[in-house]
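The values are calculated or read from the model by the stated rules, or taken from the named source; none is laboratory data. Because the structure is predicted, anything quoted here is derived from the model rather than measured. Cβ placement follows ideal geometry from the backbone for every residue including glycine, while neighbour counts extend to all protein chains displayed.
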Amino acid sequence: MGYVKFFAIVFLSWFFCISSTHQLQSYQTQVLLQLRKHLEYPLQLQIWENYNGDLCNVLPTPRLSITCEDDFITELKIMGDKLGKVSEFNGFAVPNQTLSQSFSIDSFVVTLTRLTSLRVISLVSLGIWGPLPEKIHRLSSLELLDMSSNFIFGAIPPQLSRLVKLHTLTLDSNFFNDTAPNWLDSLSNLTILSLKNNQLKGHFPSSLCKITKLTDIALSHNELSGKLPDLSTLTSLHLLDLRENHLDSELPLMPEGLATVLLSKNSFSGKIPEQFGKLNQLQHLDLSFNHLRETPPSALFSLPNISYLNLASNRLSGTLSNHLSCGAELGYVDISSNRLIGALPPCLLSSHDNRVVKFGGNCLSIDTQHQHQESYCNEGNTRRKGKDIGVLVGVIGGTVILLILLAFGLLILYRKNFSQGILEQRSSQKVVQDNSQSGISSELLANARLISQAVKFGAQSAPAYRLFSLEELGDATNNFDQSTFLGEGSIGKLYKGRLENGTYVAIRSLTLFKKYSIQNLKQRLDLLSKLRHPHLVSLLGHCIDGGVQDSTANRVFLIHEYMPNGNFRTHLSAAENCPDKVLKWSDRLAVLIGVAKAVHFLHTGVIPASFSNRLKTNNILLDEHRIAKLSDYGMSIITEESEKLEAKGDGPKSWHMTKLADDVYNFGFVLLESLVGPSVSGKGEAFLLNEMTSFGSQDGRQRIVDPIVLTTSSQESLSIVISITNKCILPESSSRPSFEDVLWNLQYAAQVQATADADQKSDSTSRS
């Protein structure tokens with residue numbers, strides 16, 4: 001009888017356990033359906049309608065993902081199409097952007113907090129509006145909160161400080177307009193804080209200096225003012241982005257592990273600290289458009305990892321040392337619009353480094369057409385506070401008290417006018433940039449010579465560009481013998497040639513479908529020759545197959561530097577035949593970062609910008625050191641793709657946005673091929689888009705991701721790249737990221753991977 005009672009109790013316990021589990025699943029399903037109703041039935045959640053199964057089993061997509069563990073929902077990610085930043089926010093509703101006036105963010109959050117096991121919440125571009133309720137703190141297990149690109153305003157509730165497990169807080173592109181929160185040190189596990197593109201006021205939150213795990217701080221495009229504190233205690237910090245605020249202190253000490261520092265368009269003053277020249281991990285430093293003075297530290301230019309250095313539009317003065325050396329990775333330097341004098345150091349003029357250097361608007365003894373007289377810089381450096389006093393003494397000769405009062409009055413007026421002049425100059429520069437022609441119009445070509453002069457600063461260190469003769473090319477290729485034929489590129493035939501001095505080159509034979517005049521073609525080639533970057537295959541010269549000056553050209557030869565290690569696609573598929581050539585995950589990231597830098601330069605670093613750059617793994621070439629360089633870029637300048645689009649009725653702005661989106665989209669497939677390898681990517685675009693859902697689970701990744709990637713990557717690094725890949729290939733072009741965002745994500749993934757590799761190496765060393 002005792003046994004019967006025992007088994008009865010066990011059975012009833014099992015029965016009620018099963019019943020409560022099913023009740024829990026049903027309960028969570030009802031919560032999800034309520035959230036769908038609150039969000040006014042977005043298309044992304046249409047799959048939930050009439051779905052009879054467990055919603056935990058719905059296949060993830062780039063716009064919707066649910067993760068469950070032990071019948072509890074732990075992750076909820078929804079991405080909409082309602083962008084959070086608009087030109088004007090009138091009231092609390094913007095037509096076609098926010099949810100309707102009946103939406104209640106308080107009710108929405110209360111419903112959301114009923115999913116008590118949530119660890120990850122990502123609700124992006126859903127049109128959510130209103131002040132963020134303090135009840136959000138009820139989600140005590142939360143580790144990641146991302147509510148970017150919505151219309152949330154007011155203060156960031158201090159009750160968020162109770163979410164002690166939170167490691168990522170992202171509230172970018174909203175309308176938070178209160179004081180920046182200074183209680184963040186309660187979030188001791190926080191690693192990523194991103195509050196970009198809001199209207200936060202007050203001082204930089206000094207409490208952040210107590211969170212030693214922080215790796216990323218992004219507070220750009222807000223209204224922060226005052227002093228930036230000493231940040232050297234943040235020993236894990238890799239990214240600091242404070243662009244476009246009103247910070248006006250001197251630059252403080254920085255953590256030694258920083259890789260990216262973006263402080264442009266503030267009012268930082270004083271000199272650049274010598275300590276900045278000891279930040280050996282630094283890759284990207286932007287201090288442009290501030291009030292920095294004196295001579296920049298020479299060590300800045302020779303940092304071992306520095307690739308981008310922008311000191312433009314400050315009040316830097318003095319002479320750069322003739323012995324100044326440049327780091328091997330330094331590809332872009334901008335010291336323009338300062339008060340520097342003397343000669344430009346040789347390493348900023350060297351032609352073999354293929355380095356972009358901009359230095360106009362100083363008083364340097366080079367290229368005087370774009371420099372001020374030295375007196376301009378000397379006057380700006382030495383005659384400041386005493387200038388007006390001396391004038392007044394000579395003219396008025398009044399009493400000492402009156403003289404002092406007048407001097408101070410004029411000094412205040414001088415400062416006001418000086419600041420206004422700086423602002424007007426920046427505004428003028430921005431207008432010129434924003435209104436620059438995107439297409440290759442006839443007017444632009446007519447002024448190609450002037451534009452070439454304007455961008456001469458960017459080509460100072462590029463390899464010498466020259467004209468080649470047909471005879472010279474014939475000798476280099478044995479009259480274009482079949483043995484020198486490299487294949488058919490995406491545009492034109494390619495040959496390998498050896499010049500008289502022994503240099504190997506790649507020669508592209510391009511048949512022109514439209515007849516150009518020699519003069520017109522030279523103007524286009526002049527534009528193309530200015531596209532210089534360390535990660536672009538250098539164009540060394542050209543040869544026009546035409547007659548006399550006034551005749552038309554039918555064919556042109558473009559002479560490029562030769563890349564001995566072939567293309568990226570070959571190295572992705574080398575595992576079976578040539579295992580020594582296979583690229584590990586960290587190597588692939590280095591290639592992708594290099595190409596992203598090059599494309600970002602083509603989009604933002606030249607006038608006119610170059611879009612539609614034929615981004616494919618076949619067009620990414622590797623030099624003898626396996627440094628990646630993009631080929632076939634800028635060909636629209638020759639092929640007139642922009643003019644064809646304009647002929648169909650698309651204006652320059654439409655052309656600009658379309659081509660920009662195309663490059664991002666195509667780069668998404670370069671990322672995808674890097675993840676899965678060419679054998680899978682060769683099955684076609686439709687197949688790949690369908691298989692993208694496989695990235696959401698471990699089993700799916702095991703099935704589709706290249707085994708080399710799986711065995712040489714960390715999960716976190718891999719997830720970052722998968723995430724940005726998903727965004728690049730979104731069907732709506734307006735939802736895709738900028739190349740700047742793509743580049744930052746790739747650099748972050750590389751940093752994460754480097755840390756993982758170092759930890760693994762340390763573990764293996766300790767075990768041995």
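Going through the stretch 120-137 one residue at a time, which ones are of a type in the set (S, T, N, Q) and either buried (at least 19 other Cβ atoms within 10 Å of the Cβ) or outside the structural domain of LEU190 (by TED's automatic domain parsing) (or both)?
Filtering the stretch 120-137 down to residues of a type in the set (S, T, N, Q) leaves 122, 125.
Of everything in the stretch 120-137, just one residue is of a type in the set (S, T, N, Q) and either buried (at least 19 other Cβ atoms within 10 Å of the Cβ) or outside the structural domain of LEU190 (by TED's automatic domain parsing) (or both), namely SER125.
Step by step: first the residues of the stretch 220-249, then only those that are in contact with a Pro (Cβ under 9 Å, 6 or more places away or on another chain) and exposed (fewer than 14 other Cβ atoms within 10 Å of the Cβ), then the one that is nearest to PRO181 (Cα to Cα). Which residue is that?
The residue in question is LYS227.
Among the residues of the stretch 339-376, write down those that are farther than 26 Å from LEU531 by Cβ and in a loop (DSSP other than H, G, I, E, B).
At the first step, the residues of the stretch 339-376 found to be farther than 26 Å from LEU531 by Cβ are 339-343, 363, 365, 372-376.
Answer for the stretch 339-376, where residues must be farther than 26 Å from LEU531 by Cβ and in a loop (DSSP other than H, G, I, E, B): ALA343, SER365, HIS372, GLN373.
Mind checking which pairs have a first residue in the stretch 482-511 that is more than 13 Å from MET563 (Cα to Cα) and a second that is modelled with pLDDT of 90 or more and part of a loop (DSSP other than H, G, I, E, B), Cβ under 6 Å, 6 or more apart or different chains?
Between residues of the stretch 482-511 that are more than 13 Å from MET563 (Cα to Cα) and residues that are modelled with pLDDT of 90 or more and part of a loop (DSSP other than H, G, I, E, B), the close pairs are THR484/THR477.
Quick one: which residue in SER102, SER140, SER87 is at pLDDT below 90, over 30 Å from the mean Cα position of the chain (by Cα) and either in a loop (DSSP other than H, G, I, E, B) or not assigned by TED's automatic domain parsing to the domain that holds SER697 (or both)?
The conditions single out SER102.
Return the residues of the stretch 56-78 that are within 10 Å of GLN44 (Cβ to Cβ) and either assigned by TED's automatic domain parsing to the domain that holds LEU730 or among the aliphatic types (A, V, I, L, M) (or both); say none if nothing qualifies.
Listed by number, the residues that qualify are LEU64, ILE78.
Can you find even one residue in the stretch 577-585 that is modelled with pLDDT of 85 or more, not small (Gly, Ala, Ser) and not assigned by TED's automatic domain parsing to the domain that holds VAL664?
Looking through the stretch 577-585, none of the residues is modelled with pLDDT of 85 or more, not small (Gly, Ala, Ser) and not assigned by TED's automatic domain parsing to the domain that holds VAL664.
Looking at the stretch 176-203 only, could you name the residues that are within 21 Å of PHE103 (Cβ to Cβ) and surrounded by fewer than 20 Cβ atoms within 10 Å (Cβ to Cβ)?
Residue satisfying the conditions is ASN177 alone.
In the stretch 651-768, which helices (runs of 4 or more DSSP H) lie fully inside it and hold 2 or more residues that are at pLDDT below 85, in the same structural domain as THR604 (by TED's automatic domain parsing) and under 23 Å from the mean Cα position of the chain (by Cα)?
On the way: elements: 652-676, 678-681, 685-691, 698-704, 707-712, 715-728, 739-767.
The helices (runs of 4 or more DSSP H) meeting that bar are 652-676, 739-767.
Has the stretch 311-331 got any residue that is touching a residue at least 40 places away in the same chain (Cβ under 8 Å), closer than 23 Å to SER375 by Cα and in a loop (DSSP other than H, G, I, E, B)?
yes
Tell me yes or no: at least one residue of the stretch 252-263 is at positive phi and free of Cβ contacts under 8 Å to residues at least 40 places away in the same chain. Working first, answer last.
The initial filter retains those residues of the stretch 252-263 that are at positive phi, namely none.
The answer is no, given that none of the residues of the stretch 252-263 is at positive phi and free of Cβ contacts under 8 Å to residues at least 40 places away in the same chain.
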